[in-house]
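Okay, so here's the structure we're looking at.
Bear in mind that the values in this text are calculations on the coordinates, not laboratory data. This structure is a prediction, so every number in the text was calculated from the model and none was measured. Every residue, glycine as well, gets a Cβ built from its backbone with ideal geometry; the counts of neighbours run over all protein chains shown.
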Amino acid sequence: MSGYQVVRVCSLAELGDPGAREFLSGKGDWPYSGFVVQVRGQLRAYTNVCPHKRHPLNIDDDDFLVPRLRLLRCSSHGALFEPETGLCIHGPCAGHSLGSLECWVDDGDVLVRAPVSA
């Protein structure tokens, strides 16, 4: 698939459950930013862009989850997303979804097929 590459994000053991990890794909001034999340044994990958104002969801490294609620959060505006679907269930972009990416586990590693640049 042109314009995409497979990125090793981390080992599944490093991710945890619940857990989330940011990754970058590509090099240069505009690498693609995404993240993987695992909640209740379900692994998903998304574009690290909030549908509301196109900001990254996290401010600090790997800070995507509200652990007690087991929801994803946009740190800029407080939108809350279901980790299983990427759907915004609360906040300024309710009803919109995060862009999803193909992800899988191979030999204990979490892999994502991601664009090579933003």
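Some points to look at:
- Converting phi to 3J(HN,Hα) with the Karplus coefficients 6.51, -1.76 and 1.60 and the offset θ = phi - 60°, the stretch 76-81 yields 6, 10, x, 4, 10, 10 Hz in sequence order, with x at every glycine or proline.
- Along the stretch 50-65 the Karplus relation, 6.51 cos²θ - 1.76 cosθ + 1.60 evaluated at θ = phi - 60°, assigns HN-Hα couplings of 6, x, 6, 10, 6, 7, x, 5, 9, 9, 9, 3, 6, 8, 10, 9 Hz to successive residues, with x for each Gly and Pro.
- For the stretch 4-115, the alpha-carbon radius of gyration amounts to 0.99 times the rule-of-thumb value 2.2 N^0.38 Å expected for a compact globular protein.
- From phi via Karplus (6.51, -1.76, 1.60), per-residue ³J(HN,Hα) for the stretch 31-47 in Hz, x at Gly/Pro: x, 7, 10, x, 8, 10, 9, 10, 9, 6, x, 9, 9, 9, 9, 9, 5
- Sites residue 105 and residue 53, calculated FRET efficiency, Cβ-Cβ separation with R0 41 Å, nearest 0.05: 0.80
- Nitroxide proxy distance, nm - points 7 Å out along Cα→Cβ at residue 63 and residue 4: 3.2 nm
- Extension gain, residue 117 back to residue 75 (0.36 nm per residue minus Cα-Cα distance, nm): 12.8 nm
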